[in-house]
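Comments concern the structure below.
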Amino acid sequence: MTAAQGKSAQGKDALRIGIAGLGNVGASVFRLLEEHGDLLQARTGRALRVTAVSARNKGKNRDIDISGVTWHDDPVAVANDPEVDLVVELMGGAEGAAFDLVSAALALGKPVVTANKALLASRGAEVVALLKKSEGGTISFEAAVAGGIPVIKGLREGLAANGIKAVYGILNGTCNYILSEMSETGRAFEDVLKEAQDLGYAEADPTFDVDGIDAAHKLSILSGLSFGCLPDVAHIDMKGIRSITPLDISFARELGFCIKLLGISRLTEKGVEQSVEPCLVPKDSAIASVGGALNAVYIDGDYVGKVLLTGFGAGGNPTASAVVADIVDVARGRALPLMGIANENVAPLQPANILERIGSYYFRLMVLDQPGVIADISAILRDHNVSLESVLQRGRDPDQPVPVILTTHETTEQGVQNVAAEIGRLKAVVEPPYVMRIEEFKD
Ligand code: HSE
């Protein structure tokens with residue numbers, strides 16, 4: 001590289017960037033850095049220049065010109081390239097090349113920018129250990145949670161003065177899209193999922209999204225940042241959206257709610273409660289109005305109160321926006337500790353017992369329409385000290401099970417599980433009760 005290429009107009013050295021992974025997001029990052037080259041140089045005082053790339057397939061058409069950039073078949077070579085000051089890891093996955101690349105970069109004291117939530121969620125302790133050993137290496141990961149929404153910056157910087165009480169929200173766009181479509185059209189889960197797959201919104205194997213795993217990874221990172229601890233996916237109570245039916249959507253609406261898959265992390269006196277689950281939320285609440293594939297994150301701080309951030313949680317351009325924001329930080333010489341507190345103070349998360357969690361609940365029961373069924377169900381609720389808030393029954397058919405919907409006043413999760421198990425054993429109840437939490441965000 002010539003001196004003229006290496007220095008920006010302001011005289012500072014250009015920041016030389018190596019990108020490993022040129023999928024949708026990687027190609028968008030490459031394009032953004034080119035298209036906004038002048039703007040970013042004005043903002044950072046340095047030229048931001050991609051000098052090396054690596055991806056699985058060199059010949060793939062990505063609508064970007066990589067001809068002037070060094071190509072590496074081995075992604076780890078991007079970290080070792082002496083013409084690379086900053087490594088951008090966009091391959092994903094907690095195992096293999098992504099981890100090796102991050103390790104190599106940190107061993108050389110190079111900053112890393114990544115969108116890799118699985119790496120942080122599953123191997124947070126190892127990543128912190130690598131950071132402690134690294135001389136000058138940092139990891140920035142704005143794009144790992146909620147795509148283009150600056151929630152990491154929100155927590156780690158904008159709200160750094162607050163004790164965080166809770167962080168919760170819609171963390172998976174695929175599920176939000178499916179639930180929004182079910183709600184708007186009355187169609188069944190499988191039907192909407194199939195359409196989303198045909199349109200390319202949902203993966204061919206939707207497990208990661210619809211079973212709540214993706215949202216749990218993101219929530220674990222938000223918990224870590226909120227409470228200064230390591231991400232801990234193992235202590236997230238996780239349920240997906242496969243069991244939600246049009247009946248639930250329509251009964252929820254009748255009761256004044258809509259259904260959202262929420263990640264919820266709350267600090268209690270007994271530790272951190274973490275869950276990913278479909279919840280009933282008041283239909284006039286701000287979070288209920290976040291539809292389609294959008295994400296939304298609430299942060300509840302002791303001085304600031306509740307802050308709501310919403311926007312696109314996925315997609316090439318929104319995610320590239322977050323990746324490049326981190327690159328801008330590096331170019332400006334800004335470095336922040338991984339979990340918002342000094343790396344040596346990052347501790348394991350103290351999980352609260354989720355069974356002691358308090359809340360109101362929705363039950364969907366399919367029962368034979370016989371005299372005495374509601375009396376039996378009421379007796380079970382009474383025996384477990386669970387107080388009924390409302391009962392709805394629709395239809396009358398002596399030959400077919402009919403839906404009965406119950407909502408409860410506040411009770412413990414343990415109480416609800418006991419009640420559900422016992423109701424499920426009644427002869428007149430023909431399928432296991434389906435239970436959802438009602439979240440009114442009162443505290
Ligand atoms: N598949 C995720 C979603 C985006 O649907 O929100 C990547 O985490």
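The values are calculated or read from the model by the stated rules, or taken from the named source; none is laboratory data. In this text the structure is predicted, and so the values were computed from the model without any measurement. No Cβ is skipped: glycine too gets one built from the backbone with ideal geometry, and neighbour counts run over all protein chains shown. Keep in mind that these areas ignore ligands, DNA and RNA; they rest on the heavy atoms of the full protein, side chains included. Shrake-Rupley method; radii C 1.70, N 1.55, O 1.52, S 1.80 Å.
Here are some notes:
- Sole exception among (1) open to solvent by 20 Å² or more (accessible area, probe 1.4 Å); (2) more than 30 Å from Pro337 (Cβ to Cβ) for Ile259, by number: (1)
- The criterion of at least 3 residues that are touching a residue at least 40 places away in the same chain (Cβ under 8 Å) is met, among strands (runs of 3 or more DSSP E) falling completely within the range 325-443, by 358-367, 402-408, 434-438.
- Scanning the range 370-421 for residues that are under 31 Å from the mean Cα position of the chain (by Cα) and of a type in the set (S, T, N, Q) yields Thr407, Thr408, Thr411, Thr412, Gln414, Gln417, Asn418.
- Against the numbered list (1) out of contact with any Leu (no Cβ under 6 Å at 6 or more places or on another chain); (2) open to solvent by less than 20 Å² (accessible area, probe 1.4 Å), Gly163 comes up short only at (2).
- Reported count of residues in the range 167-211, each being of a type in the set (Gly, Ala, Ser), away from the ligand (no atom under 14 Å from the Cβ) and surrounded by 20 or more Cβ atoms within 10 Å (Cβ to Cβ), is 1.
- Matching residues, the range 274-315, being surrounded by fewer than 16 Cβ atoms within 10 Å (Cβ to Cβ) and in contact with a strand residue (DSSP E or B) (Cβ under 8 Å, 6 or more places away or on another chain): Lys283, Ala286, Asp302, Lys306, Leu308
- For the range 286-326, a residue qualifies if it is β-branched (Val, Ile, Thr) and under 17 Å from Val145 (Cβ atoms), and the qualifying residues are Ile287, Val290, Val297, Ile299, Val307, Thr310, Thr319, Val323, Val324.
- Residue match in the range 121-137 (condition: within 26 Å of Asn317 (Cβ to Cβ), touching a helix residue (DSSP H, G or I) at 6+ places or on another chain (Cβ under 9 Å) and open to solvent by 30 Å² or more (accessible area, probe 1.4 Å)): no
- For the range 73-91, a residue qualifies if it is in contact with a Pro (Cβ under 7 Å, 6 or more places away or on another chain) and open to solvent by less than 30 Å² (accessible area, probe 1.4 Å), and exactly one does: Leu86.
- A count restricted to the range 92-111 and to residues that are surrounded by 19 or more Cβ atoms within 10 Å (Cβ to Cβ) and either touching a Gly at 6+ places or on another chain (Cβ under 7 Å) or not assigned by TED's automatic domain parsing to the domain that holds Arg56 (or both) stands at 5.
- Filter result for the condition that a residue is at pLDDT 95 or above, open to solvent by 30 Å² or more (accessible area, probe 1.4 Å) and farther than 30 Å from Val128 by Cβ, over Gln350, Gln393, Gln414, Gln400: Gln414
- Looking only at the range 298-324, and only at residues there that are among the aromatic types (Phe, Trp, Tyr) and within 19 Å of Glu157 (Cβ to Cβ), the one that is farthest from the ligand (Cβ to nearest atom): Tyr303
- Some residue of the range 234-250 being touching a residue at least 60 places away in the same chain (Cβ under 8 Å), buried (at least 19 other Cβ atoms within 10 Å of the Cβ) and within 16 Å of the ligand (Cβ to nearest atom): yes
- Flag if Thr70 is surrounded by fewer than 24 Cβ atoms within 10 Å (Cβ to Cβ), among the hydroxyl-bearing types (Ser, Thr, Tyr) and out of contact with any His (no Cβ under 6 Å at 6 or more places or on another chain): yes
- Ile221 fulfils the conditions (1) under 19 Å from Cys279 (Cα atoms); (2) among the aliphatic types (A, V, I, L, M); (3) out of contact with any Gly (no Cβ under 7 Å at 6 or more places or on another chain) except for a single criterion, (1).
- The single residue among Val272, Val297, Val304, Val328 that is β-branched (Val, Ile, Thr), touching a Lys or Arg at 6+ places or on another chain (Cβ under 8 Å) and within 17 Å of Tyr168 (Cβ to Cβ) turns out to be Val272.
- Complete set of residues in the range 92-112 that are aliphatic (A, V, I, L, M) and within 18 Å of the chain's Cα centre (by Cα): Ala94
- Ile19 vs. criteria crowded, with 20+ Cβ neighbours inside 10 Å and of a type outside the set (Ser, Thr, Tyr): yes
- Elements of the type helices (runs of 4 or more DSSP H) sitting completely within the range 1-45 and holding at least 1 residues that are at pLDDT below 95 and among the hydrophobic types (A, V, I, L, M, F, W, C): these cover 3-6.
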